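Novice: Got a structure for you, written out below as structure tokens; questions coming shortly.
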Amino acid sequence: MKTAWVTGASSGIGRELALRLSRSGARVYISSRGVERLVQTAKEESGPGELIPLAADVTDSERMSEAAALIEREQGGIDLAVFNAGDYRPMPADELDAGECRRLMEVNYLGVVNGVAAVLPAMLARGSGQIVINASVAGYRGLPLAGAYGATKAALISLAESLRIELEGQGVDIKVVNPGFVKTPLTAQNPFKMPSLVTPEEAAESIHRGIGRDGFEITFPKRFTYFLKVLRSLPYGLYFPLIRRMTGIGR
């Protein structure tokens, strides 16, 4: 039976993805800072797999290493690690908060670094394994209100790209997930209409399909994210006025 580890599994995309992996026959360790909601999710498991709650704060590098070692001891290896835990806060430029920026970086970026550092040595030693990093199209380019959050996702995309290049041919598959807007309590903070909004269930299904395919990036919904890829290639002289016009933010 395939063994997986999904962080940030108490709600949203992580929860739905863990359920799908379990229903496809995987043994899935689900983690977050607390276990109460994880235990409830485990009770909903209805497939041939298994959901195993595990308390682990992604910002605690020692605890993440302990969690990875525990799974390795119990199962003999981690086949798939999905580093999904994250937080979000829209932040206008005139409300830039250094402490909150630091906290988001510790959760969103360093939380993934802690996870990758915990699982990668054993995967390399075995010559097999898959690491999936949940970033965002917000990391493609700078966007209004996303200076704090987008920077963490840009860092994750860069990390995933670097790992992909370096680990090619060593048996460890690296993928990055760049979703558009997903309907969660976090995105509910946005003070604007979110185009092409998808549910956590739809997002999890797209990620689940992408995990089983070749390729580096899993991105959805395609029409929206591919439009952002076009914007990503524009020179600043075109990009800035276009984004101002589209969002109504800035002069």
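Novice: Identify the residue in segment 22-49 that is touching a strand residue (DSSP E or B) at 6+ places or on another chain (Cβ under 6 Å), of a type outside the set (A, V, I, L, M, F, W, C) and at pLDDT 95 or above and, among all such residues, is surrounded by the most Cβ atoms within 10 Å (Cβ to Cβ).
Specialist: S31
Novice: Still on this structure, please answer the following. Out of the residues in segment 130-183 meeting the condition of being open to solvent by 30 Å² or more (accessible area, probe 1.4 Å) and touching a residue at least 60 places away in the same chain (Cβ under 8 Å), tell me which one is nearest to K2 (Cα to Cα).
Specialist: Here the residue is Y149.
Novice: Against the definition (among the hydrophobic types (A, V, I, L, M, F, W, C), open to solvent by 70 Å² or more (accessible area, probe 1.4 Å), out of contact with any strand residue (DSSP E or B) (no Cβ under 6 Å at 6 or more places or on another chain) and in contact (Cβ under 8 Å) with a residue 24 or more places away in the chain), how does L96 come out, yes or no?
Specialist: Values: among the hydrophobic types (A, V, I, L, M, F, W, C): yes; open to solvent by 70 Å² or more (accessible area, probe 1.4 Å): yes; out of contact with any strand residue (DSSP E or B) (no Cβ under 6 Å at 6 or more places or on another chain): yes; in contact (Cβ under 8 Å) with a residue 24 or more places away in the chain: yes.
Yes: the conditions hold for L96.
Novice: Tell me, which helices (runs of 4 or more DSSP H) lie completely within segment 172-249 with 3 or more residues that are over 30 Å from A122 (Cβ atoms) and of a type outside the set (D, E, K, R)? Write out each step before concluding.
Specialist: Working: elements: 200-211, 222-232, 236-247.
Once the helices (runs of 4 or more DSSP H) in segment 172-249 are filtered for at least 3 residues that are over 30 Å from A122 (Cβ atoms) and of a type outside the set (D, E, K, R), what remains is 222-232, 236-247.
Novice: Here is a list: G142, G169. Which entry is at positive phi and either of a type outside the set (G, A, S) or not in a helix (DSSP H, G or I) (or both)?
Specialist: G169
Novice: Of the residues in segment 212-245, how many are more than 17 Å from P179 (Cβ to Cβ) and not small (G, A, S)?
Specialist: Taking segment 212-245 and keeping what is more than 17 Å from P179 (Cβ to Cβ), we get 212, 214, 230, 233-245.
If we keep only those that are not small (G, A, S) too, we end up with 214, 230, 234-236, 238-245.
Number satisfying all stated conditions: 13.
The values are calculated or read from the model by the stated rules, or taken from the named source; none is laboratory data. All values reported here derive from a predicted model rather than from experimental measurement. Positions of Cβ are generated from backbone atoms using ideal geometry, with glycine treated the same way; all protein chains shown enter the neighbour counts. Only protein heavy atoms, including side chains, enter the accessible area calculation; ligands, DNA and RNA are left aside. Shrake-Rupley method; radii C 1.70, N 1.55, O 1.52, S 1.80 Å.
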